[in-house]
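Engineer: First the structure, which I've put down as structure tokens, then a few questions once you've had a look.
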Amino acid sequence: MPAAAAVYPSAPVPLVKTAMNATRSEIEGEARERHPEGDAAPLPIADGRVPPWLASLGRSERGGRDEPARIEGRVPPRLNGSLYRNGPGLFERGGVRSRHLLDGDGLVQRLSIGAHGARYRNAFVRTPKFVAEEQAGRRLWSTWSTRRSRRFYENLGGGFGGSQAGVTISSVHGCLLARDEIGGSFEIDPDSLATLGELPLPRPLESASIKAHGKLDPETGEWILAGTEFGRRMRVHAIVHDSSLEPRRQLVFSSPRQVYIHDFFVTRRYLVFVLHPVELAVLPLLAGLRSFIDCLRWTPGQGNLLAVLPREGGTARFFEAPAAFMWHTLNAREEGRTILADFVGYDEPDHFLGPDALLSRLRDGRFGRAESPGTIRRYRIDLAGGRATEEILDTQSHEFPMIDPRCLATSYRRAWFGWALPGRVHHGIKHVDMASGASELYDFGTDTQVGEPVFAPRPDGAPEEGWLIVQGLDGRDGNAFFAILDAGCVAAGPLATIRLEHPLPMSFHGTWVAAP
């Protein structure tokens, strides 16, 4: 946490900027004008620990909740359906805790909204790993941040016990699917949240690390998954499913480097993979000497490689770009023979990698490093000229980019992001007009944490018309909430806030399913 980072009190305020490239100092200065007493109350407490409310992001949830939720304000009458979210919800077994906030068994949540009011429910994804460890009452396998034990021979081959299904939740052709980066997809009952079973991967891909982020093409109905397979050389796989969720075709190419990736781009004709320089040391992992995350190293001198693969099959082409770490893509599209690919990128993943990374330290209730902001960036990949360039469109701190899913792989205008002052957890929601550069922001206040803004389309509305539903944690009472905002007027703040009477751990991703 940078020592000079300003802190502001809790009152939520709208902040509106007319240009997407407004500097962090401008935004910070405007916030200070609205909160002049802010420097008097530093967020970390004296011994470096975070406030108790923020530490609850890394505390285990009990699961099995089914309860009414209190509504403040007015829910839009046409917003009728369910928000589903997923993230790690169980961080320890038998007194052994995971070492990273990103690492835990998946907790699926449902917030149903309609004429009945609002009701909240959650349940753990009952993967084979979860069930076996529940019965044993202890950890049986390694996870990506935490080895099974200190004895290397118990961690040989990585020591993994299968998926935790704790990253994404997707509605795909009538199926609600929970995923992480190991194994297949777990189907979830949309009403009870019971785990119905696993959709296995095709046999040749059972050893591959299939990414949590799939892409559902709104035009073709294809559902595309991608992943990596480590060995002497890394291979990148893509699996294209039809509307019945049967694999239609499988694509593969060899990567010139062994790296960790989390997401990928899709256009009408291409898949684009960002091979950023997060190198994986395979041998210490297979020998059981280090956890997966401890085998990752940031080597920015190598720069990025962009791999462009035809969706119908063919040879991958590689394009060089400056080093930038990427968690999540925003969108990509083709303009003639040029691919425009928008994403959130970091000059350094200091919030993620290293013993003092924010996401690692928060797990222990302490602050850590998060000095490199997630800036909005765009690749221009000139397929005819054989070169790629990178533009930084906005230098502020963002993550969890969101679009109207109906605009995937085509032209779009509106984008939404989680936003933060430097070095903070996200406490604002930002709307960016990707055509004009105009942006607006609603800041909930720095004693609030908010997650990914999930887009809910307005029934019978035009593309990009709808609402945002945002899960958050309120530091004033320590409880979780869900805020509903007009997607076209974010700065006006919540139309309604749905409040729970307890905290929840950090949730990563979600999806909206309208009522039939």
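For (1) closer than 30 Å to I403 by Cα; (2) modelled with pLDDT of 95 or more, each residue gets a yes or a no:
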| position | (1), (2) |
| --- | --- |
| S244 | yes, no |
| P256 | no, yes |
| V278 | yes, yes |
| D294 | no, no |
| Q302 | no, yes |
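Engineer: With assigned to a strand (DSSP E or B), in contact with a strand residue (DSSP E or B) (Cβ under 9 Å, 6 or more places away or on another chain), aliphatic (A, V, I, L, M) and open to solvent by 30 Å² or more (accessible area, probe 1.4 Å) as the only criterion, which of V432, V513 stands out?
Structural biologist: V513
Engineer: Assigned to a strand (DSSP E or B) and β-branched (V, I, T) - does that describe any residue in the stretch 211-223? Break it down stepwise before answering.
Structural biologist: Here is the first cut: in the stretch 211-223, the ones assigned to a strand (DSSP E or B) are 215-216, 223.
From what's left, β-branched (V, I, T): none.
No: the stretch 211-223 contains no residue that is assigned to a strand (DSSP E or B) and β-branched (V, I, T).
Engineer: Here is a further query. Out of all the residues in the stretch 171-204, which are more than 21 Å from the chain's Cα centre (by Cα) and of a type in the set (K, R)?
Structural biologist: Residue satisfying the conditions is R203 alone.
Engineer: Okay, next question. How do the pairs read when you match residues in the stretch 361-372 that are more than 12 Å from L101 (Cβ to Cβ) with residues anywhere that are surrounded by fewer than 18 Cβ atoms within 10 Å (Cβ to Cβ) and among the charged types (D, E, K, R), using Cβ under 9 Å and keeping only pairs 6 or more apart or on different chains?
Structural biologist: F367/R49; R369/D356; E371/E348; S372/D347; S372/E348
Engineer: Of everything in the stretch 294-345, what is more than 30 Å from H241 (Cα to Cα) and of a type in the set (V, I, T)? Give them in sequence order.
Structural biologist: T299
Engineer: Residues of the stretch 492-503 being of a type in the set (A, V, I, L, M) and open to solvent by less than 10 Å² (accessible area, probe 1.4 Å), which ones?
Structural biologist: A496, I498, L500
Engineer: Further question on the same structure: Has the stretch 78-90 got any residue that is surrounded by fewer than 18 Cβ atoms within 10 Å (Cβ to Cβ), among the aliphatic types (A, V, I, L, M) and closer than 29 Å to G114 by Cβ?
Structural biologist: Checking the stretch 78-90: not a single residue is surrounded by fewer than 18 Cβ atoms within 10 Å (Cβ to Cβ), among the aliphatic types (A, V, I, L, M) and closer than 29 Å to G114 by Cβ.
One line per residue, one yes/no per condition, for (1) outside any loop (DSSP other than H, G, I, E, B); (2) closer than 26 Å to R363 by Cβ; (3) at pLDDT below 95; (4) open to solvent by 20 Å² or more (accessible area, probe 1.4 Å):
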site	(1), (2), (3), (4)
V454	yes, yes, no, no
D460	no, no, yes, yes
Q471	yes, yes, no, no
I484	yes, no, no, no
P505	no, yes, no, no
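Engineer: While we're looking at this one, here's another question. With the condition kept exactly as written, say whether any residue in the stretch 153-160 is of a type in the set (A, V, I, L, M), open to solvent by less than 40 Å² (accessible area, probe 1.4 Å) and touching a residue at least 60 places away in the same chain (Cβ under 8 Å).
Structural biologist: No, that holds for no residue.
Engineer: For residues that are in contact with a Leu (Cβ under 8 Å, 6 or more places away or on another chain) and closer than 12 Å to G94 by Cβ, tally how many sit in the stretch 130-154.
Structural biologist: Of the residues in that region, 2 qualify.
Engineer: Just for the stretch 226-249: of the residues that are touching a Pro at 6+ places or on another chain (Cβ under 9 Å) and surrounded by 15 or more Cβ atoms within 10 Å (Cβ to Cβ), which one is farthest from G184 (Cα to Cα)? Don't jump to the end; show me each part of the working.
Structural biologist: Residues of the stretch 226-249 touching a Pro at 6+ places or on another chain (Cβ under 9 Å): 233-234, 237, 239-241, 247.
The next check asks that each one be surrounded by 15 or more Cβ atoms within 10 Å (Cβ to Cβ); those that pass are 234, 237, 239-241.
Numbers: M234: 20, H237: 14, I239: 12, V240: 14, H241: 13 Å.
Across the stretch 226-249, the extreme among qualifying residues is M234.
Engineer: Further, regarding this structure: Being buried (at least 18 other Cβ atoms within 10 Å of the Cβ), part of a loop (DSSP other than H, G, I, E, B) and not hydrophobic (A, V, I, L, M, F, W, C) is the filter here; which residues of the stretch 161-178 pass it?
Structural biologist: G161, S163, Q164, G166
Engineer: For the stretch 291-361, which strands (runs of 3 or more DSSP E) that fit wholly inside it have 3 or more residues that are over 25 Å from V252 (Cα atoms)? Reasoning before the result, please.
Structural biologist: On the way: elements: 296-298, 304-310, 317-321, 325-335, 338-346.
Strands (runs of 3 or more DSSP E) meeting the threshold: 338-346.
Engineer: Going by the conditions given, is A324 aliphatic (A, V, I, L, M), touching a Phe, Trp or Tyr at 6+ places or on another chain (Cβ under 8 Å) and either crowded, with 17+ Cβ neighbours inside 10 Å or in contact (Cβ under 8 Å) with a residue 24 or more places away in the chain (or both)?
Structural biologist: Values: aliphatic (A, V, I, L, M): yes; touching a Phe, Trp or Tyr at 6+ places or on another chain (Cβ under 8 Å): yes; either crowded, with 17+ Cβ neighbours inside 10 Å or in contact (Cβ under 8 Å) with a residue 24 or more places away in the chain (or both): yes.
Yes.
Engineer: The conditions are (1) surrounded by 24 or more Cβ atoms within 10 Å (Cβ to Cβ); (2) of a type outside the set (S, T, N, Q); (3) part of a strand (DSSP E or B); (4) touching a helix residue (DSSP H, G or I) at 6+ places or on another chain (Cβ under 9 Å), and E440 fails exactly one of them. Which is it?
Structural biologist: Going through the list (1) surrounded by 24 or more Cβ atoms within 10 Å (Cβ to Cβ); (2) of a type outside the set (S, T, N, Q); (3) part of a strand (DSSP E or B); (4) touching a helix residue (DSSP H, G or I) at 6+ places or on another chain (Cβ under 9 Å), E440 breaks only (1).
Engineer: Okay, moving on. In the stretch 486-503, what residues are under 20 Å from Y442 (Cβ atoms) and either part of a strand (DSSP E or B) or among the aliphatic types (A, V, I, L, M) (or both)?
Structural biologist: Within the stretch 486-503, D486, A487, V490, A491, A492, L495, A496, T497, I498, R499 qualify.
Engineer: Go through the stretch 394-424 residue by residue and tally those that are among the acidic types (D, E) and within 25 Å of T220 (Cβ to Cβ).
Structural biologist: The qualifying residues number 1.
Engineer: Let me ask you something else. Which of the numbered conditions does L107 fail, given that it passes all the others? Conditions: (1) part of a loop (DSSP other than H, G, I, E, B); (2) modelled with pLDDT of 90 or more; (3) of a type outside the set (K, R).
Structural biologist: Result: L107 passes all but (1).
Engineer: Look through the stretch 395-429, keep the residues that are outside any strand (DSSP E or B) and of a type in the set (S, T, Y), and return whichever of them is surrounded by the most Cβ atoms within 10 Å (Cβ to Cβ).
Structural biologist: Going through the stretch 395-429, the residues outside any strand (DSSP E or B) turn out to be 395-396, 403-413, 421-427.
Keeping just the survivors that are of a type in the set (S, T, Y) gives 395, 410-412.
Details: T395: 16, T410: 16, S411: 13, Y412: 19.
The extreme case among them is Y412.
Engineer: When residues of the stretch 250-282 are filtered for being open to solvent by 10 Å² or more (accessible area, probe 1.4 Å), within 19 Å of G184 (Cβ to Cβ) and hydrophobic (A, V, I, L, M, F, W, C), how many remain?
Structural biologist: 2
Engineer: Got a sec? Which of E181, E187, E133 is touching a residue at least 40 places away in the same chain (Cβ under 8 Å) and either open to solvent by 20 Å² or more (accessible area, probe 1.4 Å) or in a loop (DSSP other than H, G, I, E, B) (or both)?
Structural biologist: Testing whether each residue is touching a residue at least 40 places away in the same chain (Cβ under 8 Å) and either open to solvent by 20 Å² or more (accessible area, probe 1.4 Å) or in a loop (DSSP other than H, G, I, E, B) (or both) leaves just E181.
The values are calculated or read from the model by the stated rules, or taken from the named source; none is laboratory data. All values reported here derive from a predicted model rather than from experimental measurement. Cβ atoms come from the backbone with ideal geometry, glycine included; neighbour counts cover every protein chain shown. Ligands, DNA and RNA are excluded from the accessible area calculation, which covers all protein heavy atoms including side chains. Shrake-Rupley method; radii C 1.70, N 1.55, O 1.52, S 1.80 Å.
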